[in-house]
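Worksheet: one structure, shown below.
The values are calculated or read from the model by the stated rules, or taken from the named source; none is laboratory data. Note that this is a predicted model, so its numbers are computed, not measured. Please note: Cβ atoms are built from the backbone with ideal geometry, for glycine as well, and neighbour counts cover all protein chains shown. Accessible surface is based on the protein model in full, side chains and every heavy atom, while ligands, DNA and RNA are left aside. Shrake-Rupley method; radii C 1.70, N 1.55, O 1.52, S 1.80 Å.
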Amino acid sequence: MPPARQPPLPSERLWPYRLVVLLCALAVAVGLWVERDRARTRVARADRALAEALAVRAAQREFHGRTGAYGWLAELVEAGLLPGRTLREDAQGPHLEAGGYRIEVLLPMRGGQGTEQVPLVGQGEGVVDLALRRRHFAVVARPGGPEPRGYRTFCLDEGEALWVSEGVSDEEGYARNPRPVVLLSRSDGHDLTGLVWSRRPLPTAP
């Protein structure tokens with residue numbers, strides 16, 4: 001008669017559960033590592049885009065010193081103030097690309113004289129007010145491009161502040177992803193697009 005089989009020890013009964021816990025912990029660790037890497041990439045791309053926007057702002061100030069007015073991107077490039085940059089154009093207009101962001105210039109639209117808010121327009125989208133063009137401009141950096149994409153929109157103008165809109169994080173947001181339609185420094189960040197802008201200290205230009 002064969003000997004009676006001994007019941008499994010408690011530790012032997014628990015090994016499948018321990019394996020499940022171990023696999024779950026491993027999956028969480030891998031997920032955190034991937035997300036940390038994606039977050040670092042997002043931050044690096046946003047930093048690059050902001051640096052490019054600051055370079056365009058510096059070019060605007062130099063262009064204004066030469067001509068007495070602020071210019072479109074094509075004028076800044078033609079003046080030699082943005083060396084090494086390639087101006088691109090699509091259905092949304094001329095722009096530069098940096099870090100998966102598109103960098104655009106907006107100028108005051110005719111009709112803003114004598115009002116508290118200064119309406120802005122992209123190149124080819126409306127008539128620019130020549131008098132206001134001597135005083136105002138905006139540079140916008142909007143996220144897009146390949147994954148992982150940025151989730152902040154940056155805006156700079158002739159004022160001494162950086163304006164940041166947070167939360168572009170879904171496909172609908174990226175598809176819409178509007179530019180400000182009024183000069184933020186004159187409107188204290190109140191835009192007409194629904195974006196919420198916060199005022200930050202102006203970073204040092206490169």
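Restricting the range 157-168 to residues that are among the charged types (D, E, K, R) and either in a strand (DSSP E or B) or surrounded by 15 or more Cβ atoms within 10 Å (Cβ to Cβ) (or both), the residue that is modelled with the lowest pLDDT is Glu166. Among the residues of the range 95-127, how many are surrounded by fewer than 19 Cβ atoms within 10 Å (Cβ to Cβ) and over 27 Å from Arg152 (Cα atoms)? Qualifying residue count for the region: 6.
Is at least one residue of the range 137-156 more than 15 Å from the chain's Cα centre (by Cα), open to solvent by 10 Å² or more (accessible area, probe 1.4 Å) and under 14 Å from Leu106 (Cβ atoms)?
Going through the range 137-156, the residues more than 15 Å from the chain's Cα centre (by Cα) turn out to be 137.
Within this subset, residues satisfying the condition of being open to solvent by 10 Å² or more (accessible area, probe 1.4 Å) are none.
No, there is no match, as no residue in the range 137-156 is more than 15 Å from the chain's Cα centre (by Cα), open to solvent by 10 Å² or more (accessible area, probe 1.4 Å) and under 14 Å from Leu106 (Cβ atoms).
So, Arg102, is that one assigned to a helix (DSSP H, G or I) and basic (Lys, Arg) or not? Judged against the criteria, Arg102 is not a match.
Which one of these is modelled with pLDDT under 95 and surrounded by 13 or more Cβ atoms within 10 Å (Cβ to Cβ): Gln92, Gln60?
Numbers: Gln60 fails: modelled with pLDDT under 95.
Going through Gln92, Gln60 in turn, the sole match is Gln92.
Pairing each residue of the range 65-86 that is under 19 Å from Arg134 (Cα atoms) with any residue that is among the polar types (S, T, N, Q) and open to solvent by less than 30 Å² (accessible area, probe 1.4 Å), provided the two are 6+ apart or on different chains, yields C-beta distances under 8 Å for Tyr70/Gln60; Gly71/Gln60; Leu76/Gln60.
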